[in-house]
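These notes concern the structure reproduced below.
The values are calculated or read from the model by the stated rules, or taken from the named source; none is laboratory data. No experiment lies behind these values; they were computed from the predicted model shown. Positions of Cβ are generated from backbone atoms using ideal geometry, with glycine treated the same way; all protein chains shown enter the neighbour counts. Just so you know, the surface numbers come from the protein's heavy atoms only, side chains and all, with ligands and any DNA or RNA stripped out. Shrake-Rupley method; radii C 1.70, N 1.55, O 1.52, S 1.80 Å.
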Amino acid sequence: MADQPVLGELPDQRAVFRRAAPWLRGHRVALAAAVLLNLAGAALAVGVTAAIGRVVDAADDGDREALVGRVLLLLVAVAATGVLTWASRYWLIRVGERVLAGLREHATAAVGGAPLRFVEAHRGGELLRRLTGELDGLARFAGGTLPDLVAAALVLVFTVVMLALYSWPLTLALLIGFLPPAVLIVRRFQRRAGDAYAGVAAAETAVAARFAESLPAREQLRISGAVPRWLKRFRADNDRLRAAREREVVTELTLNLLTLLQAMCVAGLLVLSALFVGYGRLSVGVAVVFVLATRDILGRFEDLAASLGEARSAHVRLARLLDLVRATGASPAGGVAGGVDPVGLPARGRLVLTGVGFTYGPGAPVVEGLSLTVAPGERLVVVGPTGAGKSTVGKLLAGLYPPDRGTVTYGGHELTALTARSLRSRIVLVPQEVTLVAGTLGENLAMVAGRPGPDRVEAVLDTLGLSGWVASLPGGLGTPLEADSLSTGERQLVAIARAVLADPAVLVLDEATAGVDRETAARIEDALSAAAGDRALVVIAHRAETVARGHRVLTMPEGTVGGVRR
C-alpha cells in the first residue's frame, strides 16, 4: 500500500514562519508599507511623551512664549499620532486579510484537489475545522491582536531608547529591576503555551468532527436508539475540551504576575526620580517623562505579554493549516503539484489496467493482479457481492485511486501522469450518492468544464430522453434544488446528464440504479444507452436488467472477465 499522509492532532510547530513565507509572495510591497507606517506611528507616539516633558520644563521655567509654542507642537503631534496610528493599523489589517484570503483559497483548492485516499483517511469535521476554524482564528488575530502586538513592541523599543538618551542610569535601573523577572514569567508561560493551545485546537476539532458525523446520521441514530451512545461519546469529547480549556486558562493566568511586578517597578522609579531631581541630576520635565514613559513601558509590556497567548494560539493554528496544505501536496503557486497535459491525448481511447493491485490498509489486498482492457463503445458491467471491490475498481478506472501496483492507462498514458483537467475531460465517474449544490437544476447541470450554455444543456437532455422529465418539474431548468428536492433516481439522472455534458471517453457509474424503483431504473438505463455512443461505459451493478445490457462482465473479487449470456 502506498504511504498516505495523515494529519496529526499536534502538528510540527517548528519554523512555521519560514514555511509560511512563500505564501507572502505578491504582498511584500504592501507589507513593507505596513512596517514603515507602524515604525513612524510608534516613533511619533514616543515623541508625544517627550513633548510633554518639554511642556512641563517650560512651565517650570516660567517661559510663557516657549510654553505656548511647545503646547501647540504637542497638540499637532497628538493629532498626527492619531492619524498615523489609524493608518498603520488599517494598512496592517488590510494586508493581513489579503494574505489570509489567498491562503484560504489555496487551502480550499488543495483539499478539493487532494487525492481521494487522503480525504477518506480523515474525519469530515477535521478537514472542515482546519479550513474554517483555523482560518477564522487567524483572521481574528490579524484584525485584532496583531496590530496591538506590533504597536506595543515598537513603542516599547523606542521608549527605552528615548529614556536611555535622557538618563542611562535610571533606564538601566528600570531594565535591571523589571526585565529579568518579567522574562522568567514570560518564558514560563511560553513553555506551557504550545501544548496548551495545541490541546485546545485538537479537542475543538474532535467536538466539531463528532457533530459533523452525527448530522447526516441523525435519523439512523434515532431509529436504532443509538442517541444515548452517541451522547456518551460526545460527552467524552466535551470533557476533553473542558480539561484543555482549563489548562489554557491556568497557563494564561501566569501572565498576571506581571501586574504585581509593574506596580513595584513604578513605585521604585518614583523614589529614584525624586532623588535625582533633588540632587539636580534631572529636571522636573524629564522626571515626568520617566514616570509617564515607565508606566507606558510596563503597560505595553503587559499588553505584549497578554497578546502572546493569542499569538501562540495563532502560531498553532497556522501550523495546523500549513500541515493540511503540506499533506495535500499543494504548492504556494496554487493547486496540487503533478501531472502534464500530453499532446495527442485521444478523444476516444482504450482504458487499460495491467497487473493492478490495491490495498486500503494492513491485510489482504482488495484488488490484486487485475488486467483489463475497456475499448471505446464497449459496455463493461462489474458485478460481485458487497465488499468484493467493485467500487474500488471503479475508482481505479476513473483515476481517483492511484494503484499500489501495476498501471492504469488511457490512450497509452498513465492516469497518474495526467493533470486533473486532462483526466476529468476523458474519464468521469458518477457515484452512487450524488451531491447537488444550492441553485437551480440548470446550474447543477452546467457544473462541468467549459460551462455549457442552455442550448447545449437542452440538446443533451433531449438526446438522453430527459426533456419530458425536466418539463414536468415546476420551473423546468429553473427549478430551485434543495437538500431533498429530488429523489435518489432523479439525482442519478442529473448526474448522468452532467457527465454526458462533459463528453468523456469513459463513463463509470457506481450502482446508478441501486435503491430506485423499476420505472426510474428503466429511465436511467435508457439514458445510459442513449449516452453510450462511441464512449466506453463501465457500470457497477446488481440488477439483472443492468447486467443483461452489458457486452462483458467483470466478476469481483475473482477479477475474471466473461461475456454476457443472452
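Tabulated data for the structure shown
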item	result
Accessible area per residue, Å², the chain with all protein chains present, probe 1.4 Å	50
Sum of side-chain charges, residue 50 neighbourhood, beta-carbon under 14 Å (Lys, Arg +1; Asp, Glu -1)	0
Other-chain or far-sequence residues with amide H under 5 Å of residue 429's (modelled H)	508
Dipole magnitude (debye, nearest 20) for the chain, charges at Cβ of Lys, Arg, Asp, Glu	860
Environment charge of residue 469, counting only residues whose C-beta is closer than 9 Å and scoring Lys/Arg +1, Asp/Glu -1	0
Peptides ranked, highest mean first, by Cβ atoms within 10 Å: ranges 467-474, 321-328, 428-435	321-328, 428-435, 467-474
Peptides ranked, highest mean first, by Cβ atoms within 10 Å: ranges 182-188, 310-316	310-316, 182-188
Debye intensity ratio I(q)/I(0), log10, segment 59-176, q values 0.18, 0.19 Å⁻¹ (C-alpha model)	-1.04, -1.08
Residue 348 long-range amide H proximity, modeled H, under 5 Å	none
With every protein chain in place, the chain: carbon and sulfur % of accessible area (1.4 Å)	60
Scattering curve values for the chain, log₁₀ I(q)/I(0), Debye with Cα scatterers, q = 0.06, 0.12 Å⁻¹	-0.49, -1.21
Calculated FRET value between residue 21 and residue 485, using beta carbons and R₀ = 51 Å, to 0.05	0.65
Computed [θ] at 222 nm, deg cm²/dmol, the chain (DSSP H ≥ 4; -39,500 (n - 2.57); rounded to nearest 500)	-20500 deg cm²/dmol
Convex hull volume of segment 213-296 per residue (C-alpha atoms, cubic angstrom)	110
Separation of the residue 101 and residue 236 label points, Cα + 7 Å toward Cβ, nm	4.4
Value of relative contact order over the chain, rounded to a whole percent, pairs C-alpha under 8 Å and six or more apart	16
Pairs of alpha carbons in segment 139-247 whose separation is greater than 19 Å (percent)	69
Principal semi-axes in Å for segment 411-452 [√(5λ), Cα gyration tensor, largest first]	26, 13, 7
Where labels lie 7 Å past Cα in the beta-carbon direction, separation of residue 184 and residue 90 in nm	4.6
For residue 448, distant residues with modelled amide H under 5 Å away	none
Solvent exposure ordering (accessible area, 1.4 Å, most first) of 63, 237	63, 237
Charge dipole of segment 1-139 about the Cα centre (unit charges at C-beta), most positive-ward option of 128, 51, 37	128
Sorted peptide list for 17-27, 134-144, criterion being average Cβ within 10 angstrom, highest first	134-144, 17-27
